[in-house]
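*Asks:* Below are the structure tokens for one structure; questions will follow.
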Amino acid sequence: MKTIIFDIETIPQDFDSLDEAQKYYLLKTADTEKEKEKIKNQMALWAPTNKIVAIGMLCVETGKGAMYFQDKEKKEFEENGIKYWSGSEKEILEKFWVAIAHSNKFVTFNGRGFDCPVLMLRSAMLKIKPSKNLMPYRYSSDQHIDLLEQLTFYNSVRKFNLDFFCKSFGIPSPKSSGVTGHDVAPMFKEGKFEQIARYCAGDLEATKELYLRWQDYIKF
């Protein structure tokens, strides 16, 4: 039995790389420069306008994992049971689909709302065939446990982010280093590729601890 936690980091595509019709579509509701800038930053959230720069995976049963990340150089190394490997967006997606094919169950935090559709859509855009359906039946935890949905009882109560839930459950927050998802794009521009990968690895460990708490005390 392999239970795999995964998490991704994304950045916006270059706005100027879009054609005029795409630019107009994105900005048609923005009246001010501030609103336009906000939409450009939100491009990291949507598969047609983002790029995946890191994909992290962690096996709950073994504590070992993999981190596939974009870098200008080819790199391979291991830290704290995580094997790091760098390549292009297409290459790291191909690595992910090979690895996830062997899992029986996978765990995410807001995976249905972000990670899973982005992984599947970005793969299709790059002509990569997914090895597993990451969007199975929503109201079952047999294959996919989306902790955001489980901890809000399928949106019955208020949503909180991973940092807030971790602190509430007494779990060390991956955001305590001062880095958040908003920092990923500027870090990528600055060439801090390994730092992004390590930040993603922190999210994996926090998600694992939150999953174990859900499994031991909330799951029926």
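The values are calculated or read from the model by the stated rules, or taken from the named source; none is laboratory data. This structure is a prediction, so every number in the text was calculated from the model and none was measured. Reconstructed Cβ throughout: ideal geometry from the backbone, glycine too, with neighbour counts over all protein chains shown. Side chains included, ligands, DNA and RNA excluded: accessible areas come from the protein's heavy atoms. Shrake-Rupley method; radii C 1.70, N 1.55, O 1.52, S 1.80 Å.
*Asks:* Inverting the mean 1/r over all pairs of different Cα atoms, compute the Kirkwood radius of segment 6-122 and quote it in Å. Spell out each step's value before the answer.
*Replies:* Details: mean 1/r = 0.0635 Å⁻¹.
Mean inverse Cα-Cα distance, inverted, gives 15.7 Å.
*Asks:* Also: Identify the GluC sites (Glu not before Pro) of segment 129-202 meeting these criteria: DSSP loop state and at most 16 other C-beta atoms within 10 Å of the C-beta.
*Replies:* Working: sites: GLU149, GLU190, GLU194; in loops: GLU190.
Sites meeting the loop and neighbour criteria: GLU190.
*Asks:* Using the structure shown, select from LYS36/LYS74; LYS72/LYS167; LYS64/LYS127; LYS34/LYS90 the pairs with a Cα to Cα distance greater than 31 angstrom. Let's see the in-between values first.
*Replies:* Working: LYS36/LYS74 36 Å; LYS72/LYS167 35 Å; LYS64/LYS127 29 Å; LYS34/LYS90 33 Å.
LYS36/LYS74; LYS72/LYS167; LYS34/LYS90, as the Cα separations exceed 31 Å there.
*Asks:* Show me, for segment 101-118, the HN-Hα J-couplings you get by feeding each phi into the Karplus relation (A = 6.51, B = -1.76, C = 1.60, θ = phi - 60°), rounded to Hz, glycine and proline as x.
*Replies:* With coefficients 6.51, -1.76 and 1.60, one gets 4, 8, 8, 8, 8, 10, 10, 9, 10, 6, x, 5, x, 8, 4, 5, x, 5 Hz.
*Asks:* What is the helix-to-structure angle for 193-217, meaning the angle in degrees between its Cα long axis and the longest Cα principal axis of the chain, kept from 0 to 90 and rounded to the nearest 10?
*Replies:* 40 degrees
*Asks:* Divide by every residue of the chain the summed helix terms, -39500 (n - 2.57) for each DSSP H run of at least 4, and state the resulting mean residue ellipticity at 222 nm, rounded to the nearest 500 deg cm²/dmol. Show your work: numbers first, answer last.
*Replies:* Values: 8 runs with 83 residues, N = 220.
Calculated at 222 nm, the ellipticity per residue is -11000 deg cm²/dmol.
*Asks:* How do SER173, SER156 rank by accessible surface area computed with a 1.4 Å probe, from largest to smallest?
*Replies:* Details: SER173 15, SER156 90 Å².
From most accessible down to least: SER156, SER173.
*Asks:* Taking H as built 1.01 Å from N, whose amide H comes closer than 5 Å to the amide H of ASP146, not counting residues under 5 places away?
*Replies:* For ASP146, whose amide H was placed from the backbone, the distant partners under 5 Å are THR108.
*Asks:* 5 Å is the cut-off here: which amide hydrogens, built 1.01 Å from N in the peptide plane, fall below it relative to TYR84, excluding neighbours closer than 5 in sequence?
*Replies:* Residues meeting the amide H criterion: MET67, PHE77, GLU78, GLU79.
*Asks:* When a/c reaches 1.5 or more, the comparison of a/b and b/c decides; with that in mind, is segment 141-183 rounded, prolate or oblate per its Cα gyration tensor? Before the final figure, lay out the partial values.
*Replies:* On the way: a/c = 2.04, a/b = 1.87, b/c = 1.09.
Prolate, because a/c is 1.5 or more and a/b exceeds b/c.
*Asks:* Taking a ≥ b ≥ c as the square roots of the eigenvalues of the Cα gyration tensor of segment 53-195, is the shape rounded (a/c under 1.5), prolate (a/b larger than b/c) or oblate?
*Replies:* Details: a/c = 1.61, a/b = 1.20, b/c = 1.35.
Verdict is oblate for segment 53-195.
*Asks:* Further question: What percent do you get for the relative contact order of the chain when only Cα pairs under 8 Å and 6+ apart count? Walk me through the numbers before you get to the answer.
*Replies:* Working: 320 pairs, mean separation 51.6, N = 220.
Dividing the mean separation by the residue count of the chain yields 23 percent.
*Asks:* Then there is this: Give me the percent of DSSP beta bridges within the chain that run antiparallel, rounded to the nearest 5.
*Replies:* Values: 18 of 29 bridges.
Of the beta bridges lying entirely in the chain, close to 60 percent run antiparallel.
*Asks:* Given the Cα-Cα distance of GLU35 and SER176 and 0.36 nm per residue of separation, how much length would full extension add, in nm?
*Replies:* Details: separation 141, 0.36 × 141 = 50.76 nm, distance 2.91 nm.
Roughly 47.9 nm would be gained on extension.
*Asks:* What is the spin-label model distance, in nm, from SER156 to LYS132 if the labels are put 7 Å beyond Cα along the C-beta direction?
*Replies:* Distance between label points: 2.8 nm.
*Asks:* Carbon and sulfur: what percent of the chain's accessible surface (1.4 Å probe)? Can you show the working numbers first?
*Replies:* On the way: 6140 of 11910 Å².
The nonpolar share, carbon plus sulfur, comes to 52 percent.
*Asks:* Taking trypsin sites (Lys or Arg not before Pro) as exposed when DSSP calls them loop (any state but H, G, I, E, B) and at most 11 other Cβ atoms lie within 10 Å, what is the longest stretch of the chain free of them, the sites themselves excluded? Intermediate results must be reported in sequence, preceding the final value.
*Replies:* Details: sites that count: LYS28, LYS72, LYS74, LYS127, ARG138, ARG158, LYS219.
It runs 159-218.
*Asks:* Quick one: compute the contact order of segment 31-149, relative version, from alpha carbon pairs under 8 angstrom and 6+ residues apart, as a percent. Could the numbers behind the result be given before it?
*Replies:* On the way: 151 pairs, mean separation 24.5, N = 119.
It comes to 21 percent, rounded to a whole number.
*Asks:* Shifting gears a bit: Top to bottom by accessible area (1.4 Å), largest first, where do SER88, SER103 land? List each step's numbers first, then the result.
*Replies:* Working: SER88 50, SER103 10 Å².
Per-residue accessible area, sorted high to low, gives SER88, SER103.
*Asks:* Keeping all protein chains in place, calculate the accessible area per residue for segment 35-155 (probe 1.4 angstrom), answer in Å².
*Replies:* On the way: 5820 Å² over 121 residues.
In whole numbers, segment 35-155 has 48 Å² accessible per residue.
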